[in-house]
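**Q** Here you go, one structure.
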Amino acid sequence: MVRKLPMSTFRPRALSSSASTAPLVRISSARFFGAGDGACNPSRRLALFHLGSAIPQGKLFGVKAPKMLRVEGNAIVAATGGSMAQTSTAITQEGALEWVKKDNRRLLHIVYRVGDLDKTIKFYTECLGMKLLRKQDIPEERYTNAFLGYGPEDSQFVVELTYNYGVDKYDIGTGFGHIGIAVEDVAKMVDLIKAKGGKVTREPGPVKGGNTVIAFVEDPDGYKFELLERGPTPEPLCQVMLRVGDLDRSIAFYEKAFGMELLRKRDNPEYKYTIAMMGYGPEDKSTVLELTYNYGITEYDKGNAYAQMAIGTDDVYKTAEAVRLFGGKITREPGPLPGINTKIMACLDPDCWKSVFVDNIDFAKELE
Ligand SMILES: N[C@@H](CCC(=O)N[C@@H](CS)C(=O)NCC(=O)O)C(=O)O
């Protein structure tokens, strides 16, 4: 029987000190904590990304730009009509852009670590109104995870909480922003949260420089949730906000490498920040990535609490090629995870925010 591994196999687990022989992918603790990753050098990556936009990809690899593309197994192969060395060039920018746009993508979940799973589950269910969708303990790997959200994982964005045995505190850092929750009555929700003993860090009222009524609450670990007043929506978990050091660089990356659309960009000079909403569908119907640039701030501390976002794709191999081509750093090459055969690949954006792409069919099987 194949052991069913949790979706958190999509998150690093180097906190585990067990000498388990379970066939899991192990990632170094340096990467787990998001620190000391020599590969994630923003200035070098910026240079590459900008080069990638300006120069035909073939030139970057020292060959002529390929003329034709064909699909071979899981790779897009360029036929250059030249030497064998030339034919090994995998993909053109044009082919990659076409692929990422037609791929079937959706934000699946956000993964982060918490110090007391039961306390967090209680807060999310009783104060935020989420449902506990599943919970699994992996004792041999010394962690437990829990999935919570407002609807089923096969169609809605959810949160995946990870509890590592014995670790009751994490550093959230300064780069991770918040998770957005669309609610119909922010003031009412805030009253309820207060009545249950929840921490409200920003009272309901129009957002500074805008009209939308918002409030901020904090969970037991200090993760922020922004409550946004909206009409009914199929996707109440509506935003993941990450701070970035160069907004245009990030917009170009998420458009080209991830196939997201720039849904909206808003500068707020009075408060010295600009935001860009990026996603695979409209803001009122699907979860979006909110990128925030604070004037003059080019780097943030990522702490060790937030892990990654997971995104569905029809082909992790082609997705990896496209991400690589547009300057993303692949931290886990595409392929099946040992034990469950779910195909994934992991990568870093220009600010070193991590995402994991998960094969759509394999993901659906995981949920069966
Ligand atoms: N400096 C802010 C810039 C982003 C920002 O201010 N976002 C708005 C929401 S889009 C906000 O949090 N407003 C706080 C308020 O209105 O009180 C940050 O990095 O979080």
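Just so you know, all these numbers are worked out from the coordinates, no wet-lab data involved. These figures come from a predicted structure and were not determined experimentally. Glycine also receives a Cβ, built like all others from the backbone with ideal geometry; neighbour counts cover every protein chain displayed.
**Q** For segment 220-232, just list the computed ³J(HN,Hα) in residue order, Karplus coefficients 6.51, -1.76 and 1.60, θ = phi - 60°, integers in Hz, with x standing in for Gly and Pro.
**A** x, 8, x, 5, 8, 10, 9, 8, 10, 7, 8, x, x
**Q** Counting only residues 5 or more places away or on other chains, whose amide H sits under 5 Å from the amide H of Tyr143 once H atoms are built in the peptide plane?
**A** Residues meeting the amide H criterion: Ile138, Tyr165.
**Q** How long are the three semi-axes of the equivalent ellipsoid of segment 113-247, in whole Å, if each is the root of 5 times an eigenvalue of the C-alpha gyration tensor, listed from largest down?
**A** So the three semi-axes of segment 113-247 are 25, 17, 15 Å.
**Q** Moving on. Check Val158: other-chain or 5+ apart residues with amide H under 5 Å from its amide H, H built from backbone geometry?
**A** His109, Ile110
**Q** List Ile181, Ile214 from most exposed to least, where exposure is judged by having the fewest other Cβ atoms within 10 Å.
**A** Final ranking by Cβ density, sparse to dense: Ile214, Ile181.
**Q** Right, another one. Which residues' amide hydrogens lie under 5 Å from the amide hydrogen of His178, considering only partners 5 or more residues apart or on another chain, with H built in the peptide plane?
**A** Met241
**Q** Follow-up. Beyond 23 Å between alpha-carbons counts as too far, so tell me which of Lys318/Lys354; Lys318/Lys343; Lys199/Lys265; Lys224/Lys272; Lys265/Lys285 fall in that bin. Write out the running numbers ahead of the final one.
**A** On the way: Lys318/Lys354 18 Å; Lys318/Lys343 12 Å; Lys199/Lys265 30 Å; Lys224/Lys272 20 Å; Lys265/Lys285 18 Å.
Result: Lys199/Lys265 exceed 23 Å.
**Q** Based only on other Cβ atoms within 10 Å, what is the fewest-to-most ordering of Ser250, Ser286?
**A** Working: Ser250 24, Ser286 18.
The most exposed by this proxy come first: Ser286, Ser250.
**Q** In whole angstrom, how far apart do the alpha carbon centroids of segment 213-232 and segment 313-368 sit?
**A** Here the answer is 29 Å between Cα centres.
**Q** Sticking with this one: Ranked highest first by average number of other Cβ atoms within 10 Å, how do 333-344, 305-316 line up?
**A** 305-316, 333-344
**Q** Using the charge dipole of segment 211-320 (Lys, Arg: +1 at Cβ; Asp, Glu: -1 at Cβ; taken about the Cα centre), state which of Gly245, Gly312, Ser286 has its Cα farthest towards the positive end.
**A** My answer, from the dipole projection, is Gly245.
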